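Here's the structure, in structure tokens; my notes come after.
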Amino acid sequence: MRRDNGTTRPAARATIGLLGTALLSLAAARSEQSLASFDHHAMLPRPHTDGGRRVWLVVTALGSRPTAYTAVAARCVLGRYTTASTLDRYWPLVVLAGADAARTALCGAVDRPRPPAQERLAHCQGASFPSRHTATALLATALATGTGPATVGAVAAVVGLSRIALRVHWPSDVVGGWLFGHGWLAAAQLAHAAAARHQLAAGRRGRETAHPEPEGVY
């Protein structure tokens with residue numbers, strides 16, 4: 001039997017995203033030279049004016065933690081008076097926080113150096129791979145607005161470009177953040193669907209227990 005596209009598509013995106021992140025993580029951790037050629041050819045030019053730098057700083061703020069958590073938390077709060085279950089209401093915030101923690105752990109494990117400090121045009125902390133701003137922008141856009149993969153991916157791509165232009169990430173870091181965000185989001189969709197099915201099955205079992213069919217009556 002053919003599986004529902006509502007399950008197969010997130011499963012495929014989760015596999016591609018998380019597997020791609022894992023492969024890039026190995027490349028970044030084991031051999032910096034394996035990504036050097038790509039990073040060199042994909043590097044954007046730095047902004048030559050203060051105005052250009054400020055534009056990129058505004059764009060990059062879309063992937064910051066304050067912006068992302070505020071947008072997703074607002075979505076959860078605005079849904080407080082709907083008929084949605086508690087799981088549905090706070091799931092977006094759980095997904096974002098879980099991704100943030102997982103990305104931080106991965107970043108520490110890979111421990112990739114950032115571009116040279118003298119070239120950076122924005123403040124940054126920690127190691128370089130994968131790009132937190134890119135992944136966070138992707139997840140926050142999807143979780144706060146519910147838009148489709150094309151729009152979500154485009155927002156993340158623009159934020160990723162800002163990280164490259166500001167010289168706080170290598171291009172491969174941005175690719176890793178983009179893959180991680182897509183993979184985590186798809187995995188979260190699968191987990192949410194599984195939890196919803198479990199709740200539905202539990203509700204049915206509860207109703208059957210409370211109102212059992214009478215025996216011997218046909």
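Modelled spin-label separation between residue 117 and residue 37, with each label point placed 7 Å from Cα along the Cα-to-Cβ direction: 3.2 nm.
Ordered by solvent-accessible area of protein heavy atoms (1.4 Å probe), largest first, the residues 182, 40, 169 come out as 40, 182, 169. Solvent exposure of region 36-109, expressed per residue, is 61 Å² of accessible area, with all protein chains present and a 1.4 angstrom probe.
Shape class for region 58-131: oblate, because the ratio a/c of the largest to smallest gyration tensor axis (alpha-carbon atoms, square roots of eigenvalues) is 1.5 or more and b/c is at least a/b.
Computed over region 37-182, the Cα gyration tensor eigenvalues convert (square root of 5λ each) into semi-axes of 29, 16, 13 Å, ordered from largest to smallest.
Our coupling estimate for region 148-155, obtained by passing each phi through the Karplus curve with A = 6.51, B = -1.76, C = 1.60 and θ = phi - 60°, is x, x, 5, 5, 4, x, 5, 4 Hz, Gly and Pro reported as x.
With θ taken as phi - 60° and the Karplus curve 6.51 cos²θ - 1.76 cosθ + 1.60 applied, the whole-hertz 3J(HN,Hα) list for region 54-69 is 5, 4, 5, 5, 5, 4, 5, 5, 5, x, 6, 4, x, 5, 5, 5 Hz, x standing for glycine and proline.
Let me cross-check residue 21: its accessible surface, 1.4 Å probe, with only protein heavy atoms counted, in Å² to the nearest 10? Its accessible surface works out to 10 Å², give or take rounding. Computed from label points 7 Å out along Cα-Cβ, the spacing between residue 158 and residue 191 is 2.9 nm. For residue 55 and residue 147, a Förster radius of 22 Å and the Cβ-Cβ distance give a FRET efficiency of 0.45, rounded to the nearest 0.05.
For residue 112, the residues whose amide H sits under 5 Å from its own are 128, 129, ignoring neighbours fewer than 5 places away on the same chain, with H placed 1.01 Å from N. Residue separation of residue 97 and residue 30 scaled by 0.36 nm, minus their Cα-Cα distance, works out to 21.3 nm of gained length. Extension gain for residue 44 to residue 11 (0.36 nm times residue separation, less C-alpha to C-alpha distance): 8.6 nm.
The values are calculated or read from the model by the stated rules, or taken from the named source; none is laboratory data. Being a predicted model, the structure only gives us computed values, none of them experimental. A quick note on method: Cβ atoms are made from the backbone with ideal geometry, for glycine too, and the neighbour counts reach across all protein chains shown. Accessible surface is based on the protein model in full, side chains and every heavy atom, while ligands, DNA and RNA are left aside. Shrake-Rupley method; radii C 1.70, N 1.55, O 1.52, S 1.80 Å.
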